[in-house]
1. Being surrounded by fewer than 16 Cβ atoms within 10 Å (Cβ to Cβ) and at pLDDT 95 or above narrows it down to one residue among Ala72, Ala95; which is it?
2. Testing Asp144 on (1) in contact with a Gly (Cβ under 9 Å, 6 or more places away or on another chain); (2) of a type outside the set (Ser, Thr, Tyr); (3) not in a loop (DSSP other than H, G, I, E, B), one condition comes back false. Which one is that?
3. Working carefully through the options Gln71, Gln99, find the one that is free of Cβ contacts under 8 Å to residues at least 12 places away in the same chain and assigned to a helix (DSSP H, G or I).
4. Checking the conditions here, which among Ile222, Ile143 is β-branched (Val, Ile, Thr) and either in contact with a Lys or Arg (Cβ under 6 Å, 6 or more places away or on another chain) or under 21 Å from Thr270 (Cβ atoms) (or both)?
5. Do we have Gln150 as surrounded by fewer than 16 Cβ atoms within 10 Å (Cβ to Cβ) and either of a type in the set (Phe, Trp, Tyr) or over 13 Å from the mean Cα position of the chain (by Cα) (or both) here?
6. Can you spot a residue in the range 170-189 that is on the phi > 0 side of the Ramachandran plot, outside any helix (DSSP H, G or I) and not aliphatic (A, V, I, L, M)?
7. Quick check on my filter: what residues within the range 131-141 are outside any loop (DSSP other than H, G, I, E, B) and closer than 18 Å to Cys74 by Cα?
8. If I filter the range 102-130 down to residues being of a type outside the set (A, V, I, L, M, F, W, C), touching a strand residue (DSSP E or B) at 6+ places or on another chain (Cβ under 9 Å) and part of a loop (DSSP other than H, G, I, E, B), which single residue comes out as surrounded by the fewest Cβ atoms within 10 Å (Cβ to Cβ)?
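The values are calculated or read from the model by the stated rules, or taken from the named source; none is laboratory data. Quick caveat, the model's predicted, so the values are computed rather than measured. Counting neighbours? That spans all protein chains shown, and the Cβs are built from the backbone with ideal geometry, glycine included.
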Amino acid sequence: MRLNPFNTGNIKVRSSGGGRGRAAGGIGCGTVVIAALGYFIFGADPMQTIGMVEGVQQQSGSVTQGSQDEQAICTSSEYATEACNGLQSLNATWATLFQEQGIGGFETPYLDLPTANAWRTACGTGQSAMGPFYCPGDQTIYIDVAFYDQLARMAGNGGDFARYYVLAHEYAHHVQTITGLSGQVRSLQQQNPRRANQLNVMMELHADCYAGVWAGRNRNLIEPGDLEEGMQAAAAIGDDTLTQGRVSSDNFTHGTSQQRMAALRLGLQTGDDTRCDAEILQPG
């Protein structure tokens, strides 16, 4: 995908940790290990595995930041530069969507590219093995770019669009948070725990669709093979594919491969976030 080079004036970027060390405080190591296993084996959102939901917005957790400036962080590796380019494009696309629909309150998220094995966030302790995640408490997308090599092995390709899909999916969770959707869903989950997984699948598929909307709105930048890369990535991280039958569909958290591909495709083909809302979000 041919994105414009980043301008640090258009993005908010930081890097947690000052080396591959341990972070002080936060949740226990055992919990982090469980979260990591949940992500790689069961496809679970590490923040949900730890039991952290949107209520953490009320917390003022401390974030350990590196001393590098944004330019240095974004040029520290090819993956980092790519992520900063993607963040700039996502900021511009969603700012325009909010403006077109007369929705106020748009805020851009931070992108954190950690350089430590573990680091503190407003949601507790993050760890590189957890994979990418969004923390609503500090409105930050955390991506240890080493994950992208794991993604390439899972999806069977090393294309940039697969990586942009991951970033756009986490960005979608930010949009869900600032619009209040995440809070509404968490409230429904608390009211009806039996539907908690079903509602979580809905939110994840909605985020996949929103990721597709970003790509669909930038269709002129898509290159041959990009769409196939995105579909392969979506298929590789479906609950049924990741668990290989070890977990029942009632316990899925992100949706099947087919569901994730369909949601991404809907956003790509329409470029319309309201279609995602109408066709994926369910009332009640």
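1. Selected residue: Ala95, the only one of Ala72, Ala95 that is surrounded by fewer than 16 Cβ atoms within 10 Å (Cβ to Cβ) and at pLDDT 95 or above.
2. Unmet condition: (3).
3. The match here is Gln99.
4. Ile222
5. Yes; evaluated as a whole, the condition is true for this residue.
6. We begin by selecting, within the range 170-189, every residue on the phi > 0 side of the Ramachandran plot; these are 180.
Now restrict to residues that are outside any helix (DSSP H, G or I): 180.
Checking which are not aliphatic (A, V, I, L, M) leaves us with 180.
Scanning the range 170-189 turns up at least one residue that is on the phi > 0 side of the Ramachandran plot, outside any helix (DSSP H, G or I) and not aliphatic (A, V, I, L, M).
7. Correct list: Thr140, Ile141.
8. Per the stated criteria, the residue is Asn117.
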